[in-house]
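Below is one structure, written out as structure tokens; the observations come after it.
The values are calculated or read from the model by the stated rules, or taken from the named source; none is laboratory data. If you're wondering where the values come from, they're calculated on a predicted model, not measured in any experiment. Note: ideal-geometry Cβ built from the backbone for every residue, glycine included; neighbour counts use all protein chains shown. With ligands, DNA and RNA removed, areas are computed over all heavy atoms of the protein, side chains included. Shrake-Rupley method; radii C 1.70, N 1.55, O 1.52, S 1.80 Å.
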Amino acid sequence: MTIVPVISETFLRLRRDRIFLPALVVGTALLLLSGLASYWGVEEFFKILYDLGTTAFHLTGAMVAIFWGTKLISDSRQEGSLEVQLASPLGRSQWLVGKFLGLASTLILLALAFLIGWQLVYFGYGMGWMGWKSVAIFSILTLSWLTMGAVAILFSSMSSYAVALFSSVWLLICGLLAAPIMQSMSPETPEAVRKVVEVFAGIWNLHYFNLYEYGNSAEAIAWGTALARLGYGVALIGMFLSLAAFAFNRRDLVGL
């Protein structure tokens, strides 16, 4: 048995999940409201538009990725499909990767739907078609969703649903706060504390995926900038999935 059936089953299950439609509606509504709120500052219309729009996109998708990622293994265990699928010639690591790829496929579908909502914002304010730069900005943000999905799968492979959900949300918060805390530290901060914060922010910084500042700039996104974010995201996903596979291979299925 290959991982393709696992991917297909996960994609179909998540697409029909009760969270999908509310997330789609709420996320699209927030993007539309970003266009309305940007009129608070007419002179900085695009800055506010992309600041609010990317924030709504980022947080909505990240939370959905966490909820879906943490329930994948839990639901499979409760329904008994985990034992059935692993009874075939399919390793635990392959099963876990299949679950992640199914999750990633559904998140990408959700991101495409959000992009349609963003295009509606452009049409609504008479700005025509959005450029490829907008597509690149939101594509890189989608990579942060996939990263949080890998985080959720890691925690759910080691713990119960409730613990995995709690841990994933807190890691999301840490990823959003690490860089601002590092930038706001006073000169009187002890050197040891500064080093710890700098190392943590260098490893885990979700703001690194957000290129909203390019939305208000005529400057194009350099290939080096995009590839750096891509490499960072792929490295994090690979690390989290490797740790998840290591933990999952050594865990008693009965204890899941």
Can you list residue pairs whose Cβ atoms sit under 6 Å apart, with the first residue in the range 26-44 being over 18 Å from Phe123 (Cα atoms) and the second being at pLDDT 75 or above and part of a helix (DSSP H, G or I)? Count only pairs 6 or more apart in sequence or on different chains. Gly41/Ile48
With the requirement that a residue be open to solvent by 50 Å² or more (accessible area, probe 1.4 Å) and β-branched (Val, Ile, Thr), what does the range 207-234 give you? Val234
Do we have Tyr161 as of a type outside the set (A, V, I, L, M), in contact with an Asp or Glu (Cβ under 9 Å, 6 or more places away or on another chain), under 27 Å from Tyr122 (Cβ atoms) and surrounded by 16 or more Cβ atoms within 10 Å (Cβ to Cβ) here? no
For the range 146-158, indicate whether the set of residues that are open to solvent by 30 Å² or more (accessible area, probe 1.4 Å), without any contact (Cβ under 8 Å) to a residue 60 or more places away in the chain and part of a helix (DSSP H, G or I) is non-empty. no
Where residues in the range 111-127 are among the aliphatic types (A, V, I, L, M) and part of a helix (DSSP H, G or I), which of them is surrounded by the most Cβ atoms within 10 Å (Cβ to Cβ)? Val121
Name the single residue that is nearest to the chain's Cα centre (by Cα) among those in the range 69-110 being modelled with pLDDT of 85 or more and farther than 19 Å from Ser168 by Cβ. Ile108
